[in-house]
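Everything on this sheet refers to the single structure shown next.
The values are calculated or read from the model by the stated rules, or taken from the named source; none is laboratory data. Predicted model only: the values in this text are computed from it and were never measured. Neighbour counts run over all protein chains shown; Cβ positions are idealised from the backbone, glycine included. Note: accessible area is taken over every heavy atom of the protein model, side chains too, but ligands, DNA and RNA are not part of it. Shrake-Rupley method; radii C 1.70, N 1.55, O 1.52, S 1.80 Å.
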Amino acid sequence: MKKYFKSFSMIILLFFVFIYSANLITDYVFESQPFHFIGEAPFDLDNVQKVSEKPKNTKALLSFKNNTLNIILPKNAQYIQEIMPEINIINYKISKLQNQLVSNYITVDEEISQSKIFEISKIIKEVIIFSFIFFSGLIIKVFSQKSYFLLSFNYVRQFLSKIIYFSSIVISIIIISNILTDYIFIERLFFISVSSVIIANIFSNKWIKSLIYFISLYFYFLPPFDVNYNYLFITAILINFVLSYFLVRNINIIKIDKIKEENTND
């Protein structure tokens, strides 16, 4: 257990450092991204970029008319609460320049998509979470042929220890992710990453494991069809159990035949 605790602490510490660093960097980059401003304005503002037409992607599109600051948000923008303090500062600066109180008016434009930088920052964090769960599962080999082989010889304690160890890592990663990150669908990320671990542990070839890793990422970010992630998880367990059962059974048969052959030769 001491070995497990030491490696558990190392994995969780590394995950915390990676996800916290990703937060700092991506949040800084996103906050530095300028707002877009369309239309005429008798002033220039920091962190505001003037454009002649609506951009395809934007943090938020601003315009000023009839002493009102119009805030045009992209469709499905997930960061409204985060950008409102910045918009309030812009509003205050405009009010000061106009020497009168300026009101806000918020609308949503379905033709505009949310900031690409925000989307990229989400992807970076999701890949970090997914990768730590996936590679932790490969290192522990909780659902591998070796684990089932030991289980067939009644090494139940060792098998359960690995399950508890892996579960502790996954739960800790999910808790930290919920605290430090926003806008990430943790449930879907959990089911796909753990399902990929269960499938990858069937194989010993590292190239097959790498292929499963990239295919799983594809299913997460660009799902080719709608899938129930609970069913995906259950299917992965069944596939792992059935294939591992026959593989371990064949190994045991080969070992028994070899022992018999050695005894006969003696």
Exercise. Between the helical axis of 116-140 and the dominant principal axis of the chain, each derived from Cα atoms, what acute angle in degrees is found, rounded to the nearest 10?
Worked result: 10
Exercise. Extension gain Ile208-Lys65, at 0.36 nm per residue separation less the Cα-Cα distance, in nm?
Worked result: 45.5 nm
For this session: Would you compute, from DSSP H runs of 4+ residues alone, the mean residue ellipticity of the chain at 222 nm, taking -39500 (n - 2.57) per run and dividing by the full residue count, rounded to the nearest 500?
Result: -23000 deg cm²/dmol
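With a 1.4 Å probe and all protein chains left in place, how much of the accessible area of the chain comes from carbon and sulfur atoms, in whole percent?
About 63 percent, which is the carbon plus sulfur part of the accessible surface.
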Problem set entry | Gain on full stretching of the segment that runs from Asp44 to Ser9 - 0.36 nm per residue minus C-alpha separation | 7.5 nm
For this session: Measure nothing but the geometry: give the 0 to 90° angle between the long axis through the Cα atoms of 229-265 and the longest principal axis through the Cα atoms of the chain, rounded to 10°.
Result: 20
For this session: Could you tell me which label, among (1) 121; (2) 223; (3) 151, carries the value of volume of the Cα convex hull per residue in Å³ calculated for this structure?
Result: (3)
Seminar exercise, completed: Between Lys56 and Ile215, the two model label points (7 Å from Cα along the beta-carbon direction) sit apart by a distance in nm of 3.2
Exercise. Restricting attention to the stretch 1-88, which GluC sites (Glu not before Pro) occupy a DSSP loop and are surrounded by at most 14 other Cβ atoms within 10 Å?
Worked result: Glu40, Glu53
Problem set entry | Cut-off 17 Å, label 7 Å out along Cα→Cβ of Ser103, residues of the stretch 43-66 by amide N | 63-66
Exercise. With every protein chain present, what accessible area does Lys141 have (1.4 Å probe, heavy atoms only), rounded to the nearest 10 Å²?
Worked result: 90
Exercise. Just the accessible area per residue of the stretch 92-164, please: how many Å² with a 1.4 Å probe?
Worked result: 60
Exercise. What list of ³J(HN,Hα) values in whole Hz, one per residue of the stretch 183-192 in order, does the Karplus curve 6.51 cos²θ - 1.76 cosθ + 1.60 (θ = phi - 60°) give from phi, with Gly and Pro shown as x?
Worked result: 6, 10, 7, 4, 4, 5, 4, 5, 5, 6
Problem set entry | Label-to-label distance, nm, for residues given as Phe241 and Tyr28 (7 Å Cα→Cβ offset) | 4.9
Exercise. Taking the simple approach of a point 7 Å from Cα along Cα-to-Cβ for both Tyr231 and Ile89, what is their distance in nm?
Worked result: 4.9
